[in-house]
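These notes concern the structure reproduced below.
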Amino acid sequence: LSKSSQIVSGLALITFKLFLQALEDGLKKADADPSVKAVMICGENGKFSAGADIRGFSSPKRHGVALSPIVSLIESSEKPVVAAIEGVALGGGLEVALGCHYRVAHAKARMGLPEVTIGLLPGAEGTQRLPRLIGVPAALDMITTGKHIPATEALKLGLVDEIVEENTIEAAIRLANKVIGQPLEPRRLSLKPVPKLPNMEAFLREALVKVKRQARGCLAPELCVQAVRAATERPFAEGVRRERELFGLLLSSGQAQALQYAFFAERAVRRWAAPGGASWSSAAPQPVRKAAVIGLGTMGRGIVTSLVKANIPVVALEQDLEYLNKGRKAVMLLLEREAMKMEGGAQTLDFHNPARLQFTVDFDLLCDVDLVIEAVFENMALKKEIFHKLSKICKPGALLCTNTSALNIDEIASATNRPQQVIGTHFFSPAHVMRLLEIIYGRHTSPTAIATAMQLAKALKKVGVVVGNCFGFVGNRMMFPYVQQAVFLLEEGSRPEAVDQVLEDFGFKIGPFRMSDLAGLDVGWRSRKEQGLTGPSLAAGTPARQRHGQRYSPLPDLLCEQGRFGQKTGKGWYQYERAGGRTATPDPWLHDFLSQYRDTHGIQSRFIDQEEILERCLFSLINEGFAILAEGIASGPEHLDVIYINGYGWPKHRGGPMFYASTVGLPRVLAKLQKYSEAHPDVPGLRPNAFLKKLVAVRSPPLKEWMSYLSHQSPKL
Ligand SMILES: CC/C=C\C/C=C/C(=O)SCCNC(=O)CCNC(=O)[C@H](O)C(C)(C)COP(=O)(O)OP(=O)(O)OC[C@H]1O[C@@H](n2cnc3c(N)ncnc32)[C@H](O)[C@@H]1OP(=O)(O)O
């Protein structure tokens, strides 16, 4: 456009506020200058905009330049304004583009309104303009999910006018030149009607039901639907007023802070630290060009699928042909399903090629892999045998990972000649779906090994969280007291469905008993037998409800002795329509069994209210979290929260257990733990941890300062 245009650039994230000011000044200048015939807005360095600075929403100094008036200013310009979208146009960035009269995008650009994922809604008139441009169904989908869509999809939806493979800015200038002099009214989205649907009311009602069911207590998706509904029912200006009202509600709901905390926590855990000062900033990962997975049970199958999806060639190994064929079939089925989901996308799955995925029973084929993930049964002797073999067969630099949920990494490493290359990689089931990867370093694990495991997590599109070695690591260790409380509550008078209901209402995807039925009660039973807590190795004369002087509930063991393993046997804490069924119904047999159990042990059944259920389960879990932090097993509360959100179904809009504790108030958590501990002195999980007490004593500092109150920066770090 040379002299006849005004190029406004610099839509960089950190300078969003400054940019808005510059944009306003630039637009006004362009408008006043008769030599300017059109305006093109682009970003710097190939990126349009990631939107407003998220930290600004919870900053006490939140004032900022309002975005809406600038979007309106763009739209009302008498000269055509064209957005040249490269990289990403997200949130406020996309709302700026929606104010423009035309949008040109690079083929690799991505667009979205992700505000819902940080507890907000597109508050710069995005909920009013987008439905006018692409219709209610597509707009609602983008706004309530926050998904980023590729440029090709944006073109199909009519969100952009043109996509280009080459120079986006030149293409935008070409388009601007072409449209000079054409009427702008039809291009101003605020003047357009929202395209009608024959069944708009029913559609919106169903959309609301859907987001309420999926979001479980999370406000933002629901309010997004309400804002879009306003677009369908009210004139633009009134819709904008409603949008503003709803935005204000979300901003002060507390959920937005929790979700924004979660956004940054997920990024903070990438900056890992380990003993001896090793950290993300100094350690470099090794390349993983080929991997192997040992064991094709449920976990191994998911891990193989995950590696194939990440385009890493895999050797999948089983102990014999029977298991191998079973495993191969299951993996192929998973991959077929994944391929179907990806159909039409840019990526394809090349899993029929033996160079990409090879099944074998021959350990020698592992001689050239860069990384092995052992995913066999949770049995120390078996794992040690495998690791001993691996250290003989694998090339010297190969990283040896064990997928374990609790076993001692150091003991496994002791079976090899290279303990520095042994690391725990705790995947969550189903491993090709769940985002969490708990990465556990042992006493000898090298910084390179940790960096490589973190790099692997990234390649697998997972959130890697580095933690220290202890029984259950972080996630399961915090889960033990939670589940223990849930079972104690049954002993005292509650029922599985009552406990599950309270925790599901809190926002957990699934309560502890439904979870236990899903995972299989036999898993914990086996582990308790191995620990000598139950079964033949239990010393004669051990009291039924006590182990090592502490309260113990034999209830789960008794259920297992009855063959009630959960869904797989059709009976567990609930009953199911058949073995393998998924619909849990309260079981009168279990209710009778609990009554008899209480009678046998002289337990006076009592009514337990929702508050007690919630507090005893959650506060005991949080209490263990403080112990983990004090011992240096994790380097900060964010690590625990990211683990819980991504691996244990903790509701993200509550920010994770430690963030939740900070919102409840540490003095309250402490007081309640003290109260419950006095009532149950034989339950160590309820005894307030010293670190929690210390934080309360120093007046409960903000979560990000907690770690500075540990006198020793812990033996592990
Ligand atoms: C008054 C106005 C009212 C409303 C209008 C505006 C509302 C908004 O715009 S809300 C913000 C909407 N935008 C987003 O939610 C985008 C969030 N960011 C992302 O999705 C991703 O970061 C990305 C796709 C932009 C880039 O992904 P990737 O390449 O994987 O990098 P990272 O995620 O690691 O990010 C790098 C770095 O940038 C920080 N960051 C990214 N986006 C923001 C942001 N919007 N605000 C603040 N900081 C952001 C991120 O935290 C990383 O930094 P650290 O490693 O230091 O944590």
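The values are calculated or read from the model by the stated rules, or taken from the named source; none is laboratory data. Since this is a predicted model, take the numbers as computed values, not measurements. All Cβ positions, glycine included, derive from the backbone under ideal geometry; neighbour counts span all protein chains shown.
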Query raised in the report: within 13 Å of the ligand (Cβ to nearest atom), closer than 30 Å to Met200 by Cβ and at pLDDT below 95 - does that describe any residue in region 51-67?
Result: yes
Report summary line: The lone condition Ser635 fails out of (1) in a loop (DSSP other than H, G, I, E, B); (2) in contact with a Lys or Arg (Cβ under 8 Å, 6 or more places away or on another chain); (3) surrounded by 22 or more Cβ atoms within 10 Å (Cβ to Cβ) is (2)
Query raised in the report: Quick check: anything in region 583-591 surrounded by 17 or more Cβ atoms within 10 Å (Cβ to Cβ) and over 16 Å from Ala486 (Cα atoms)?
Result: yes
Query raised in the report: Residues of region 583-607 being touching a Phe, Trp or Tyr at 6+ places or on another chain (Cβ under 7 Å), of a type in the set (Ser, Thr, Tyr) and part of a loop (DSSP other than H, G, I, E, B), which ones?
Result: Thr583
Report task. Only one of these is free of Cβ contacts under 8 Å to residues at least 40 places away in the same chain, under 30 Å from the mean Cα position of the chain (by Cα) and either surrounded by 15 or more Cβ atoms within 10 Å (Cβ to Cβ) or not in a helix (DSSP H, G or I) (or both): Gly580, Gly541, Gly563. Name it. Result -> Gly580
**Report entry** helices (runs of 4 or more DSSP H) wholly inside region 249-362 containing at least 3 residues that are among the acidic types (Asp, Glu)
**Finding:** 321-342
Query raised in the report: Considering only residues of region 133-166 that are within 16 Å of the ligand (Cβ to nearest atom) and of a type in the set (Ser, Thr, Tyr), which is nearest to the chain's Cα centre (by Cα)?
Result: Thr145
Report summary line: The one condition Asp682 fails out of (1) in contact with a strand residue (DSSP E or B) (Cβ under 9 Å, 6 or more places away or on another chain); (2) surrounded by fewer than 21 Cβ atoms within 10 Å (Cβ to Cβ); (3) assigned to a helix (DSSP H, G or I) is (3)
Query raised in the report: Which residues, counting only those in region 544-560, are without any contact (Cβ under 8 Å) to a residue 40 or more places away in the chain and surrounded by 12 or more Cβ atoms within 10 Å (Cβ to Cβ)?
Result: Arg547, Tyr552, Pro554, Asp557, Leu558, Leu559, Cys560
Query raised in the report: Any residue at all in region 23-35 that is part of a helix (DSSP H, G or I) and within 8 Å of the ligand (Cβ to nearest atom)?
Result: no
Query - Candidates Arg229, Arg205, Arg241, filtered to the one that is in a helix (DSSP H, G or I) and surrounded by 15 or more Cβ atoms within 10 Å (Cβ to Cβ) - result: Arg229
Requested in this report: Search region 271-301 for residues being basic (Lys, Arg) and in contact with a helix residue (DSSP H, G or I) (Cβ under 7 Å, 6 or more places away or on another chain), and hand back the single one that is farthest from the ligand (Cβ to nearest atom).
Outcome: Arg301
Query raised in the report: Out of all the residues in region 527-553, which are of a type outside the set (S, T, N, Q) and in contact with a Phe, Trp or Tyr (Cβ under 9 Å, 6 or more places away or on another chain)?
Result: Leu533, Gly535, Pro543, Ala544, Arg545, Arg551
Query raised in the report: Of all the residues that make up region 136-178, how many are in contact with a Leu (Cβ under 6 Å, 6 or more places away or on another chain) and not in a helix (DSSP H, G or I)?
Result: 1
Query - Given (1) closer than 12 Å to Ile613 by Cα; (2) touching a residue at least 24 places away in the same chain (Cβ under 8 Å), number of the condition Asn476 does not satisfy - result: (1)
Query raised in the report: Condition test on Leu357, is it closer than 23 Å to Asp370 by Cβ, assigned by TED's automatic domain parsing to the domain that holds Leu456, crowded, with 19+ Cβ neighbours inside 10 Å and free of Cβ contacts under 8 Å to residues at least 60 places away in the same chain?
Result: yes
Query raised in the report: Taking the condition under 30 Å from Ala202 (Cβ atoms), touching a residue at least 60 places away in the same chain (Cβ under 8 Å) and either surrounded by 14 or more Cβ atoms within 10 Å (Cβ to Cβ) or among the charged types (D, E, K, R) (or both), does Ile143 pass?
Result: yes
**Report entry** Residues (in contact (Cβ under 8 Å) with a residue 60 or more places away in the chain and either touching a strand residue (DSSP E or B) at 6+ places or on another chain (Cβ under 9 Å) or of a type in the set (A, V, I, L, M, F, W, C) (or both)) located in region 583-594
**Finding:** Ala584, Pro586, Leu590, Leu594
Query - Residues that are without any contact (Cβ under 8 Å) to a residue 60 or more places away in the chain, aliphatic (A, V, I, L, M) and within 23 Å of Val314 (Cβ to Cβ), drawn from region 391-412 - result: Ile393, Ala398, Leu400, Ile412
Query - Filtered residues of region 241-255 (kept if within 10 Å of the ligand (Cβ to nearest atom) and under 23 Å from the mean Cα position of the chain (by Cα)) - result: Leu251
Query raised in the report: Can you spot a residue in region 63-72 that is touching a strand residue (DSSP E or B) at 6+ places or on another chain (Cβ under 8 Å) and either in contact (Cβ under 8 Å) with a residue 12 or more places away in the chain or within 17 Å of Met40 (Cα to Cα) (or both)?
Result: no
Report summary line: Those residues of region 112-132 that are over 13 Å from Lys147 (Cα atoms), near the ligand (Cβ under 9 Å from one of its atoms) and among the hydroxyl-bearing types (Ser, Thr, Tyr) come to a total of 0
Query raised in the report: So which residues in region 484-513 are more than 27 Å from Asp599 (Cα to Cα), of a type outside the set (Val, Ile, Thr) and not in a helix (DSSP H, G or I), if there are any at all?
Result: Gly507, Phe508, Lys509
Query raised in the report: Filtering region 499-537 down to residues that are crowded, with 20+ Cβ neighbours inside 10 Å and among the small types (Gly, Ala, Ser), which residue is nearest to the chain's Cα centre (by Cα)?
Result: Gly511
Requested in this report: May I ask you to list the residues in region 643-676 that are basic (Lys, Arg) and either touching a residue at least 60 places away in the same chain (Cβ under 8 Å) or in a loop (DSSP other than H, G, I, E, B) (or both)?
Outcome: Lys652, Arg654
Requested in this report: Scan region 78-110 for residues that are more than 11 Å from the ligand (Cβ to nearest atom), in a strand (DSSP E or B) and not basic (Lys, Arg) and report the count.
Outcome: 9
